[in-house]
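Here the structure is laid out as structure tokens; the discussion comes afterwards.
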Amino acid sequence: MMKSLEKIREIKGKKYLFRVETSDDHREYLKYEELRNEVWREPKDHMSGSRNMMCENFLHEGSSLFIGVFSETEKGGFEHDKEHLVGFSYGFVGIKDKKIAYRKTDNLQLYSQYTCVRPDCEHLGLGVMIKEFQRETLVEVLGITTVICTFDPLTGVNAYRNIHHFGMEVLVYREAFYGDFGGRLNRLDVPCDRFLVTWDLIKGKERSEYDLNNLAESGWMAVKAKRKTVEGKSGPVELEVIDEINLNLDNEFLLIEIPVDFYHVLEETNVEDDRVRDIPLEWRMKTRQAFKALFERNYKIIDFRKVEKDELVRDFYILKKE
């Protein structure tokens with residue numbers, strides 16, 4: 001008997017339904033594309049047509065997994081409509097070793113293409129819960145134990161979820177992976193570099209012990225930030241800028257600092273003044289240089305953490321030499 005494809009979670013007194021999409025009505029899939037467009041706001045990027053999405057569903061003819069998150073209605077209960085859809089994930093089954101291909105089931109993995117939460121429902125922890133429900137479904141229903149996906153190395157919210165919370169492993173740094181990709185979460189003048197990461201759904205998190213505060217205070221930082229007030233899109237605003245980059249450090253553990261909210265940096269620096277506009281581009285190019293150089297020296301990302309001191313929050317990747 002197939003495991004239940006639904007789960008209800010309560011967050012701040014409100015209930016949310018996490019549900020695998022089962023519909024055989026192609027019109028039911030339009031809401032996922034509409035929410036994707038609302039979140040990314042990039043009309044050139046889009047999902048398949050609704051008919052194709054319906055056929056892709058593993059419950060029908062394909063190998064894709066659609067998960068929707070729906071908020072409880074005012075009267076109680078749940079409606080699986082666009083109005084109450086607050087988040088979703090979409091992915092499809094692929095293969096690890098191309099030579100083995102589909103001959104062995106343990107060679108299968110899910111490529112997680114989209115995971116998003118409606119802007120007005122962010123900061124509820126729904127992104128983590130979606131991934132947890134995705135993991136349960138993949139292991140218990142599809143028998144798949146590996147997920148791969150990409151994320152922007154400069155987005156701390158994704159790094160914390162993927163690397164710290166779930167223990168995903170960075171496989172490679174990909175430069176300008178998606179080409180010209182604009183919209184709400186990207187800018188055409190800032191290359192859309194990505195980490196390709198893998199997630200072992202069975203293995204627990206394993207990482208070496210380290211003292212983050214000591215590393216930060218001792219100066220073992222390959223990339224260090226400082227805060228600077230600039231004339232942003234909304235007026236004077238304090239943003240993180242690159243303070244220094246040092247790739248000659250040789251310690252077991254090193255840190256790479258990134259902005260706490262890179263999306264905010266992208267938005268506020270979207271102005272005509274090149275000195276301000278180039279801030280996220282400098283972040284991209286110098287952190288690209290740092291990650292690639294340290295990877296070549298056998299450093300590996302083992303964690304992502306925040307440091308809070310004197311009401312100042314800073315985000316760090318922790319790398320360890322193998």
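The values are calculated or read from the model by the stated rules, or taken from the named source; none is laboratory data. Predicted, not measured: the structure shown is a model, and the values here were computed from it. Note that we place each Cβ from the backbone using ideal geometry, even for glycine, and neighbour counts take in every protein chain shown.
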Seminar exercise, completed: The condition from (1) at pLDDT 95 or above; (2) over 25 Å from the mean Cα position of the chain (by Cα) that Ser63 misses is numbered (2)
Problem set entry | Of residues in segment 88-112 being touching a residue at least 24 places away in the same chain (Cβ under 8 Å) and of a type in the set (D, E, K, R), the one surrounded by the fewest Cβ atoms within 10 Å (Cβ to Cβ) | Asp106
Exercise. Do we find a residue being closer than 24 Å to Asp243 by Cα, outside any loop (DSSP other than H, G, I, E, B) and either in the same structural domain as Arg41 (by TED's automatic domain parsing) or modelled with pLDDT under 95 (or both) anywhere in segment 159-171?
Worked result: yes
For this session: Could you identify the single residue in Thr150, Thr115 that is hydroxyl-bearing (Ser, Thr, Tyr) and either part of a loop (DSSP other than H, G, I, E, B) or touching a residue at least 40 places away in the same chain (Cβ under 8 Å) (or both)?
Result: Thr150
